[in-house]
Every structure is written in C-alpha cells, then in structure tokens.
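Here's the structure, in structure tokens; my notes come after.
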Amino acid sequence: MLSTTAILLGLQLVAIQHPATAAYRGSAQLPGSVDSFSRAIGLDAGNPSTLLLRTIRLTHGRSDTRAQRAHEAMARFLDTAEAGDDRVPLPLSPELWTDVILQKRIDQRMLIAAILRDRSAALLYYGLCALDDDTLQWIAANRSALVHIRKYPEVFAAFGRSLHIRDGRIIIGGGTDAEVLWRSAIGIDPARPDAFIERVIAGDGRLAFLYDVLTHLDDAHRRFALGLQFSGASREARLRSLFTVFATAAPEWRVAERPFARPPLDGAILLSTIGVTASGRPVPPLTRRLWDRVFRADDLNDVVYEEISDAEVRAVTGSLVLDAPWLADRILRVPYAIGRRRLDTLLFAQRVFHAISEPESADVATALRGYLSFPALMIALERIGIADPHIYVRAAQHAARLNSIQPVSERRMAIAEFQSAVALIVRMNQVHAIAPARAVSLITSLTDLEISSRVPYGLVFVNWVREKFLVDLPQRETLEESLVAAVAGLPRDAREFPIIEWEGKRYVVNPAAAEFTRIRAIRQVQHDPTLDSALSPEHPQRLADALVSIVYAIHLGDPDAAAVTASNVALRHDFGLPVSSSAGPSDAWRLPIERFDGKEAWRIRGSLLGLEAALSRLVLRRVDRTAMPGEPMLGSQDLQTVMLTAALSSPPDTSGVSRDAITAALARGRTRVVALAADRSRFDDVADAAGLSEWRRQALAWSLEQRRDVLPTFSLVELFWLGTSAGDAPNVLDGWGAATLRLTGCLCLQMPHPSPWEDFAGYATEVLATRGADVPLKIAEVLATLKLPASLAPALEGFVTQDVIDHARLAYPDDWEAFSRAVIELPLDRIVDYVAALTVSGPLVEIK
C-alpha cells in the first residue's frame with residue numbers, strides 16, 4: 001500500500017486508474033443505532049438511506065443556533081457511541097475516503113463518525129450520494145477529479161448532482177445542440193470529463209449553479225433558457241449573457257457559507273416558472289417592446305399608474321421576443337422586491353392574457369401597469385376568470401381615481417366601499433352563488449360609477465348596492481341575510497343534500513348552511529352596523545363599515561375565537577394610506593398582511609382583497625383547545641403557505657369524482673412501489689414518475705438492495721404522481737392542490753407537477769410548501785375510505801392541517817421529509833375525531 005504522501009504526490013501529476021472491479025458504492029456502520037443517533041441530534045427516526053443527508057443539511061449547511069446545537073450534540077454522541085449494527089449508504093470505497101478525502105487512517109467502523117466531524121468530507125459525502133453508478137465509478141477511477149472537488153466541497157454538495165458521465169464523456173442535458181453550445185461557451189469538450197469538472201465545479205459556484213439549473217429544467221424550459229429556438233449563431237452569446245447575470249445577481253449569496261441556501265429569487269425560479277411552449281417559445285405577451293414599457297420607472301416602492309398608448313408600445317425596442325438573458329437581467333439584477341414584482345406581473349400576464357387575440361396591445365400593457373400599481377385588485381379580477389384586458393384597464397382607472405380623492409378620510413371610505421364590493425363579488429363567484437357573467441357585469445357596473453378627486457361615491461354607491469349588487473340575490477328576511485346566504489354559497493333553489501350515517505346517527509351534509517350559520521354568528525358578535533341599517537344616504541360611513549365587516553366575517557374562522565370576540569377587528573383595518581393628503585398607490589392595493597408592532601392593536605394592513613392571505617391561520621382548528629403544542633417548526637412563510645392551502649379550499653372545487661380519482665392514483669402509486677422489490681427493471685420509470693431527486697434515487701436503490709420496505713419513503717404527493725398516467729390532466733384536480741402564491745403570485749390552488757422537493761428548498765422566501773398537497777391528498781383518501789362526501793374536505797382541512805403543524809418534528813425549516821411523513825403517519829382515528837367535530841356547528845347536521 002502506498003503511503004498517503006506518495007499518493008498525494010502522484011495525484012498532482014496524473015489520475016491513477018483503478019480496475020473496473022473496484023468498489024464504488026456500498027454501506028458503512030452507523031455510530032450507535034438509527035434511533036439513538038437521530039434522537040441525539042434532534043431528528044425524527046426516519047429512513048436510514050437519507051439519515052446522513054438530513055444530518056449534513058442540519059449540521060453543516062446552516063449557521064443558526066439550531067444548527068450549532070445539533071452539531072454540538074452530534075459531536076458529543078460521536079465521542080461516546082460505538083459502531084452498531086445499523087448501516088447507512090457509503091458512496092466510494094472506504095480506502096478512497098481515508099486515503100484521498102480524509103487523508104488519514106481510520107478504523108472503518110468509525111468512518112461515518114470521521115466523515116460527519118469533517119465539514120468538507122461531510123459535504124463531499126452529500127454530493128457523492130447524488131451521483132449515478134456510472135458517474136460514481138468514473139470518479140472512483142479518476143482520483144484527480146476527486147482531489148479537485150475536494151477543494152470545493154460546498155459547490156459540489158449543492159450542484160454536483162448535475163454531473164453525469166457515460167462512456168468517458170459528460171452527458172449534457174438538452175442533447176447535441178446543448179452540448180455544442182456548452183463546449184463553445186466554456187471552451188472545454190464534454191469528452192474530457194476531468195477538465196469539464198475542473199471548469200464547472202470551481203470558484204464561487206455560479207457557473208455550477210447555472211449548469212445545475214439548466215440540467216434540471218424540462219426540455220421546453222431548457223430550450224427557452226439556452227435560446228435553442230433561435231439561430232445557432234446567437235446561442236453562445238445568449239448563454240454567456242445568461243451566465244453574466246448568474247455571476248452578478250444576488251451578490252450577498254455565497255455558496256461557501258450556506259451551500260443549501262438560495263437567494264429569495266433566483267434563476268431556477270425564473271426559468272422554471274415562466275410559461276413556454278413545447279418549442280421553447282415564451283407564452284404571450286412576449287415582445288420586449290411591451291415589457292420595456294411596462295417596466296419603465298417601476299423601481300419605486302409605489303409604482304405610479306400610467307396608461308400606455310399604442311404609439312408607445314410600438315416605439316419601444318422594436319419587436320424582439322423575450323429571451324432568458326433579457327428577462328434574467330431585468331428580474332434578477334435588481335433588488336428583490338422589484339424583481340419579484342416584475343416576475344409576478346409576467347406570470348400574471350401569461351396566465352390571463354395568453355389566449356386573447358391581441359396579447360401585445362396597449363390595453364394589455366396598461367392592464368399590466370395596473371398590476372404593478374394595484375396588484376390585489378388585478379388578482380381579484382383574475383380569480384373571477386376575467387381575460388378581457390379592457391375590464392382590467394377600467395378597474396385600474398377607477399382605482400387611480402379613488403386614490404386621488406381628498407381628504408384622506410374620504411379616500412379611505414371610498415376605497416373600503418369599492419374593495420369590499422369587489423371582495424364580495426369574488427366570493428359569490430367562487431361559491432357559485434352567481435355565474436361568472438354576472439360577476440363580470442357587477443364589476444363593470446361598479447367601475448363605471450362616477451367619482452372624482454373632490455366627489456367620492458356618496459349616494460351613487462348606495463344606489464348601486466341596492467339596484468345592482470343586491471337586486472338579483474334570493475330574498476330573505478333582511479338584505480344582510482340575503483347577502484350572507486350568497487357569500488356562504490347557499491343554493492338559490494331547493495335541493496336535496498347528501499345524507500350519511502355516522503356513528504349510529506343520520507346527518508345531512510350541507511357545508512353552505514354551516515358557513516351561513518358561522519358568518520351570521522360572527523356578524524352578531526360584530527354588532528352594528530347591519531347592512532340594512534347602513535343603506536342610508538345620511539350615513540355613508542356606516543355602509544362602508546357594514547360591508548367591510550361582512551368581508552372580514554367570511555375569513556375570521558371560529559365565531560368563538562379571540563379574533564372575533566375581542567372586538568370588531570374589521571373596523572381597525574389599516575389600508576396604509578398616507579397621513580397627509582398625498583396620493584399614490586400605497587399599501588391599500590397590495591395583498592394584506594398581519595401587523596404586530598406593539599404600538600397598536602393587532603390588525604390587518606393592506607387591501608381588503610385577498611384577505612385569505614393574511615387571515616389563513618384562522619381557518620385552523622383544534623378539537624382540544626386547552627392543549628399547548630410546541631412551536632411550529634416549519635419556516636414562517638412555508639407555514640403561511642400550508643395555512644393558505646387550507647384557507648383556499650372550497651366545497652365546490654372538491655367533487656366526489658376528483659376524490660375518487662386521487663384515491664385510485666394513490667393506490668396505483670403504492671402498487672408500483674411495492675412491485676419494485678420483485679422487479680427492479682422498472683426502477684427508472686418509477687423514480688422519474690415520482691419526481692425523485694438524484695439523492696432520493698440513490699437512496700431508494702440502496703434501500704432496495706438492503707431489502708428494506710421502501711413504501712414509507714414516498715410522500716403522498718409522490719405516490720399520486722406515480723399513479724397518474726401521462727395522459728391525465730392533474731390541473732383538473734387543482735381544488736386538492738397547494739397554494740402557489742409564494743412561487744407564482746397566483747392566489748389559487750394548483751396540483752403540483754412531478755419535481756424533486758430539493759429544487760424548492762433553501763429559499764429565504766420558502767417556496768417549498770407550494771408543492772405541499774400532502775394534506776389535501778390525505779383527506780381525499782380518508783374520505784373515500786370512510787365513504788364520506790368530498791364536500792367535507794375544506795372543513796376537515798382546518799383540523800388536519802393544524803394537527804400536522806403541531807406534530808411534524810422538523811429538524812430544520814425545510815426538512816420536508818419529516819413534514820410529509822407526519823402527514824402519512826397521521827392516525828385514522830384522529831381524523832375520525834375531526835369528522836365527529838363537524839357535527840358540532842359544522843357541515844354535518846343531525847336529522848332528529
């Protein structure tokens with residue numbers, strides 16, 4: 001055996017080739033046991049195949065107090081623990097670890113302890129665990145490459161997964177065109193893997209990041225990012241320009257400090273969320289001249305609303321089409337708030353205007369300028385399903401006039417009247433109390449009301465409420481009851497509701513009636529003004545207060561909760577209007593947020609539109625309100641997304657047909673996983689369909705080799721993907737999906753598409769939970785098992801979501817494996833208890 005010194009000297013000159021039979025993947029003894037090791041550092045006892053990956057993310061990937069405590073606890077445990085019988089994966093042979101990576105002789109029984117103590121070795125372990133067999137075997141046989149990546153452990157841990165070597169050459173995602181482009185751009189032939197790795201896995205990691213992002217895009221998005229839809233002559237320049245943006249954006253982000261962290265907004269989010277066709281062409285509106293004009297002078301906190309003429313759109317930049325470098329430059333090389341706003345505007349435009357006849361028109365440009373100034377209003381119109389840019393323009397014009405009203409007190413009242421009316425129209429449309437055409441008609445008539453900077457609504461708005469807004473609603477004893485019935489979703493006609501037997505009793509299933517009772521109870525606590533008493537021209541403020549209070553009542557949750565009983569919080573809604581008489585968009589047109597500043601009572605600041613975004617936590621419920629659970633361990637914004645998923649769930653969007661489709665998909669997914677134990681030939685198909693990352697693929701393969709039960713390692717979302725065939729359309733199941741606001745700017749639910757959870761981890765804005773449909777899928781399957789109607793799902797989701805938040809023991813904020821396992825392990829009897837809770841002032845009404 002050569003000495004360590006001799007080996008290192010030789011490595012500086014030439015790669016030492018090993019026989020093809022050299023071991024390159026195996027197992028190693030874990031200090032202690034899986035259970036004792038996990039307990040010592042604060043992990044739930046999970047899957048041995050991913051235990052060290054989670055450990056490394058916790059102890060070496062972060063610098064916060066929790067990570068420091070975990071690292072110290074791990075060190076204490078490793079000082080005393082002896083090698084046990086439990087084994088964990090080991091990429092590369094023990095000899096390579098001792099001779100090349102750790103560079104010291106170690107008893108193989110304590111190899112894992114030595115790796116975990118050494119940050120560089122631990123990060124290399126993390127990166128090596130992602131490599132496929134061919135690539136890992138090449139690394140084992142080419143020690144010079146291993147010596148090189150040892151210099152950049154953080155870069156390799158974060159982005160080494162994208163290295164794929166076959167037959168002695170780097171495999172570039174995107175085929176021959178992409179390979180030619182990369183060879184030209186970085187000056188290295190992929191047929192020289194060692195040189196390619198030295199070029200990409202190096203420096204500050206920015207080139208590796210770009211390579212990783214482009215490797216993991218689907219074919220259509222990769223064609224867009226690489227400019228493959230353009231002529232070959234311009235492609236290299238585009239790739240170089242794109243790299244320039246990746247190299248300079250978010251200068252505060254340093255891979256060496258936090259290898260698993262990402263900037264709040266980066267190229268991965270931008271290039272994966274933009275809408276593109278199969279050929280890689282962006283979805284309209286796609287001309288630069290339009291976007292140049294829309295983004296002009298939008299770098300202020302409040303973007304001034306401007307109307308854009310046809311001549312202006314034609315005059316800017318010519319007719320060049322959007323490409324990746326241009327978008328990246330304008331979205332990633334500006335402060336986060338501006339870049340996020342620009343991306344949200346782009347995605348909004350692609351969702352709403354892509355199919356109209358003139359997506360590049362001045363009306364569209366003006367509507368998008370309206371989105372920059374009045375985002376909550378534009379999002380509200382999108383929720384109705386409006387695609388006519390002229391309606392968006394009229395709404396923006398109306399909002400601009402409201403913003404100019406003087407004095408500020410009159411402006412506040414007029415904005416409250418307008419926004420509460422729009423919020424109630426959106427709600428009635430969502431619960432199918434009014435048809436979309438009726439909602440559009442109401443919005444149009446509302447924005448046609450005459451106002452000026454000196455003359456707010458006054459009697460005009462009172463008459464609109466009486467003669468337009470309320471006139472078509474089924475009449476009850478009072479006008480307020482009629483409106484509350486509509487926003488609750490009570491049907492206009494008499495109909496039979498489902499009847500079920502539950503625990504020996506018979507119940508009518510009527511979520512709308514329960515919602516009507518709940519909202520009416522909250523209104524009784526709120527006291528005056530009632531809508532009927534407020535419809536008087538002598539007291540216009542009373543009408544505004546009544547409508548705002550009804551909007552709040554929809555979202556305040558339990559009538560007995562502190563948010564209801566303390567006082568009428570609706571009357572202290574903070575629009576964020578300036579104290580002086582100055583105009584400007586202000587917070588009044590942004591999605592609302594909660595405010596806890598210690599100076600004033602708890603309140604909501606921002607728009608009345610999209611109130612779910614601020615009050616989603618109030619839909620969560622516990623059966624035992626006296627229990628004191630621990631602090632939630634999800635990251636704060638992932639927590640907001642999980643709660644918003646529950647808040648956006650609606651009975652009209654959860655049908656029995658979709659519930660059964662989900663249940664069948666989950667069953668098929670489980671069958672495919674179980675079959676792997678007997679037939680490994682389907683491994684790649686299963687891993688691809690489940691959206692497994694490179695780390696998860698190798699962990700799954702190791703578990704199968706160890707003859708372990710691999711079914712518990714799959715989340716419900718992954719099982720759903722496995723059971724959904726390529727011809728299915730998951731978007732029809734969006735009512736059971738996850739909130740995507742943090743990722744796409746859409747205040748909606750969307751069933752996530754197959755993708756690794758690791759692609760969403762590490763962001764400061766915490767977009768991970770936007771793929772988290774696990775709770776709705778769990779509820780769908782349980783309802784099918786218990787033979788209960790799908791319309792109970794939204795009511796159950798408040799209980800189940802709270803339960804998972806309380807019981808998920810995450811070791812770090814984006815420990816998604818622990819979160820998804822908490823959903824799977826939620827006992828059926830607890831959900832049965834939640835169903836029983838629905839018989840108490842809930843959608844299950846006992847038949848006496």
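Shown is the FRET efficiency for Asp684 and His354, computed with R0 = 45 Å from the Cβ-Cβ distance and rounded to the nearest 0.05: 0.85. Going by the alpha-carbon gyration tensor, a ≥ b ≥ c the square roots of its eigenvalues, is segment 236-340 rounded (a/c under 1.5) or, if a/c is not under 1.5, prolate (a/b greater than b/c) versus oblate? The shape class here is oblate. What's the magnitude of the charge dipole for segment 248-382 around its Cα centre, counting Lys and Arg as +1 and Asp and Glu as -1 at the beta-carbon? Answer in Debye, nearest 20. In debye, rounded to 20, segment 248-382 gives about 440.
Could you order His398, His216, His527, His807 so the one with the most accessible surface comes first? Probe is 1.4 Å.
Values: His398 0, His216 55, His527 130, His807 100 Å².
The ordering from most to least exposed comes out as His527, His807, His216, His398.
Need one number: the % of Cα-Cα pairs in segment 25-145 sitting beyond the 17 Å mark.
Working: 3904 of 7260 pairs.
Result for the distance tail: 54 percent.
Rounded to the nearest Hz, the phi-derived 3J(HN,Hα) couplings of segment 800-815 under the Karplus curve 6.51 cos²θ - 1.76 cosθ + 1.60 (θ = phi - 60°) are 5, 4, 4, 4, 5, 4, 5, 9, 5, 9, 7, 7, 8, x, 10, 7, where x marks glycine and proline.
For the chain, the solvent-accessible area works out to 39 Å² per residue, with a probe of 1.4 Å and every protein chain left in place.
Going by the alpha-carbon gyration tensor, a ≥ b ≥ c the square roots of its eigenvalues, is segment 29-68 rounded (a/c under 1.5) or, if a/c is not under 1.5, prolate (a/b greater than b/c) versus oblate? In terms of gyration-tensor shape, prolate. The angle separating the long axis of helix 511-526 from the principal Cα axis of greatest extent in the chain is about 70 degrees. Residues His354, His60, His432 ordered from highest to lowest accessible area at a 1.4 Å probe: His432, His354, His60.
Can you give me the angle between helix 375-384 and the longest principal axis of the chain, using Cα atoms only, in degrees from 0 to 90, rounded to the nearest 10? Helix 375-384 and the main axis of the chain meet at about 80 degrees.
Across segment 675-690, coupling constants 3J(HN,Hα) worked out from phi with the 6.51/-1.76/1.60 Karplus curve, θ = phi - 60°, read 5, 4, 4, 9, 9, 6, 5, 8, 4, 4, 4, 5, 4, 5, 5, 7 Hz, and Gly and Pro carry x. The trypsin sites (Lys or Arg not before Pro) found in segment 447-476 that occupy coil by DSSP, while having at most 12 further C-beta atoms within 10 Å, are Arg454.
Heavy-atom accessible area for Ser357, with the other protein chains in place and a 1.4 Å probe, reaches approximately 110 Å².
The Rg/Rh ratio of the chain, with Rg taken over Cα atoms and Rh as the Kirkwood radius over Cα pairs, comes to 0.99. Taking the charge dipole of the chain about its Cα centre, with +1 at Lys and Arg Cβ atoms and -1 at Asp and Glu Cβ atoms, the residue from Ala485, Ser791, Gln68 reaching farthest to the positive side is Gln68.
Kindly provide the GluC sites (Glu not before Pro) of segment 463-524 that DSSP labels as loop, not H, G, I, E or B, and whose Cβ sees at most 14 other Cβ atoms within 10 Å. It would help to have the intermediate numbers written out before the result.
Details: sites: Glu467, Glu477, Glu480, Glu481, Glu496, Glu501, Glu503, Glu515; in loops: Glu477, Glu496, Glu503.
For GluC sites (Glu not before Pro) across segment 463-524 that sit outside H, G, I, E and B with at most 14 neighbouring Cβ atoms in 10 Å, the list reads Glu477, Glu496, Glu503.
If Lys and Arg each add +1 and Asp and Glu each add -1, what is the summed charge of the other residues whose beta carbon sits under 14 Å from the beta carbon of Gly46? Write down the numbers at each step before the final one.
Details: positive: Arg39, Arg54, Arg57, Arg696, Arg708, Arg809, Arg821; negative: Asp35, Asp44, Asp86, Asp709, Asp815, Glu817, Glu825.
That sum, taken over residues with Cβ under 14 Å, equals 0.
Annotation for Asp204 and Ala315: the two label points, set 7 Å from Cα along the Cα-Cβ direction, are 3.9 nm apart. For segment 89-127, trypsin sites (Lys or Arg not before Pro) are listed when DSSP marks them as loop and at most 15 other Cβ atoms sit within 10 Å of their Cβ; the list is Lys104, Arg105. Give me the angle, in degrees from 0 to 90, between the Cα long axis of helix 65-80 and the longest principal axis of the Cα atoms of the chain, rounded to the nearest 10. Its long axis makes an angle of about 30 degrees.
Calculate how many DSSP beta bridges within the chain are antiparallel, expressed in % of all such bridges and rounded to the nearest 5.
Values: 22 of 24 bridges.
Antiparallel bridges make up about 90 percent of those DSSP assigns within the chain.
Rounded to the nearest percent, how much of the accessible area of segment 173-259 (1.4 Å probe, protein heavy atoms only) is carbon and sulfur? Can you show the working numbers first?
Numbers: 1720 of 3520 Å².
Heavy-atom surface of segment 173-259 belonging to carbon and sulfur, 1.4 Å probe: 49 percent.
Which of the three applies to segment 476-526, rounded, prolate or oblate, going by the alpha-carbon gyration tensor with a ≥ b ≥ c and a/c under 1.5 meaning rounded? Oblate is the answer for segment 476-526, as a/c is 1.5 or above yet b/c matches or exceeds a/b.
The values are calculated or read from the model by the stated rules, or taken from the named source; none is laboratory data. The model shown is predicted, which means the values in this text are computed figures rather than measured ones. Note that each Cβ is placed from the backbone with ideal geometry, even for glycine, and that neighbours are counted across all protein chains shown. Please note that ligands, DNA and RNA were not included when accessible areas were found on the heavy atoms of the full protein model with its side chains. Shrake-Rupley method; radii C 1.70, N 1.55, O 1.52, S 1.80 Å.
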